[in-house]
Each structure stands twice: as C-alpha cells, then as structure tokens.
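I have placed the structure first, in the form of structure tokens, so that the comments after it can refer back to it.
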Amino acid sequence: MNRHLVKLEAPPAGCNEEVPLAKIAHLTPQFIYKKKIQRKKRAFDICFSLIIMTLGSPFFFLIFIITKLSSPGPIFFKQVRLGENCRTFHIYKFRSMYCDAEVAGPQLSRAGDPRITKWGRIIRKTRLDELPQFWNVLKGEMSIVGPRPEREHFARQILELRPDYITVQKLRPGITSLGQVNFGYAENVGQMCERLDHDLLYVKKLSLRTDLIVIAKTVGVMIKGRGK
C-alpha cells in the first residue's frame, strides 16, 4: 500500500460496497493532492476547454457529420465511468464502433478489433474520438490531464492486483494522461496495472507544468497517429 495512505473512510455515495474500490484515503499534508493546485488546474481546464470548443467548432461539426454518415447508429457514444472519489459519471466520445459492440459484456479494444468502424480507426488513432470530453471537463466531471477514468468492471480488477490504485481514484480523471502518452492503450488488465505506474508518477508530480508537458506529448501522439 502506498505510504501516503494513512486512513480509510466509508465509500462515497454511488459506489458499490462489495469490494473496497471506493475506500478513498485521507492523504498526509505533504501529498500533492492540494486544493490550491486543484483550483489552478480547474481554472486552466475551463479556459482551455472554452478555447478549444470555440475555435474548433467547425472541426467538431465536420467530425459530427462524417461519424453520422460512416455507419448506422448514434453520433456520440456514452458510457458510465468512475470519476473523482469514485463518483460515477457519463463519459462522451464520438462513436468509433459499430452498435452493440459489447453484447457479450465489457471488453477492452485491441489491435485490429473488428468492432471498430473504418472511420472509427482514423479518429481513434488521432484521438479525435475523445473531443466530446471537453464537455465533461466544463461540467466538472473531468480534467484536461489526469488518470483516465475506467469502468467499474475493470477498476475492481485493477484494485485487486494493485491496491495503490486507490491513490489515482482521489483525482479528477483526464481526457489525456501521462500513462496514456507514455504507455499507450491497454488491451488487458495486466497492461492497465503496468500503465498505473505512470499515473502514480503523475500524481506525485501534479502541477500545471506537468499538465502542459502531457498536453504537448498528446499533440505529438495525435499528429503521429499513435492512438488505437
């Protein structure tokens, strides 16, 4: 268990109590989850999101149209994820898969996944499918940079293997993350646990400077088409 986790509390509202996923820790004063940093991050998130959504609105509309024409189904994909302090919220994306892609239950995407549409492969490689999450940021459910939000199904499995996963549950999740730009997408729970090391490093180095570095790396990933 992370040495900074000193006391456990009852699960917050909205979290299942069957396993201790939501036992979010009280953190020692030296730990970087500081209200001052969070206020600065929040102000930056709002300003950055408004700029992107305003200047990028024609581009958003273009993706909107192509997604609609690319395959039958809705334009946006909505899914329940775990957010800050394990609170659930609906994450939004441009749809990149065919409808009923998870009739067999929760699945992680993989290389050459047949559930992904041709247009979906393009927007996933460039990470343009994540753009609607700027709306999640404005709603206060997400940050520009932060550990990626997981589904409860997978979060529970990660916690069983990595109890220190509790640490990242304290933060507001991000559109992009240090784990995503350094490690990439995970195809199984084992890889998700490996990627967690990068997210824990981000937690320790939490600052606007770190966020700007991650954003710059994300732009590089988008230009090179290194998404999945």
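Coordinate-derived values only; no laboratory data. Just so we're clear, the structure is a prediction, and the values are computed from it rather than from any experiment. Every residue, glycine as well, gets a Cβ built from its backbone with ideal geometry; the counts of neighbours run over all protein chains shown.
The H on the amide N of Gln79, modeled in the peptide plane, is under 5 Å from the matching H of Ile91, each at least 5 residues off or on a different chain.
Treating r as the C-beta distance of Leu69 and Val219 and R0 as 35 Å, the FRET efficiency rounds to 0.80.
Calculated over the stretch 44-101, the projected area of the Cα convex hull averaged across directions stands at 5.1 nm². Taken over the stretch 5-224, the percentage of Cα pairs per 10 Å bin, counting from 0 up to the bin with the maximum distance, is 8, 33, 39, 18, 3, 0.
The GluC sites (Glu not before Pro) found in the stretch 99-165 that occupy coil by DSSP, while having at most 14 further C-beta atoms within 10 Å, are Glu102. The chymotrypsin sites (Phe, Trp or Tyr not before Pro) found in the stretch 40-129 include none that occupy coil by DSSP while having at most 10 further C-beta atoms within 10 Å.
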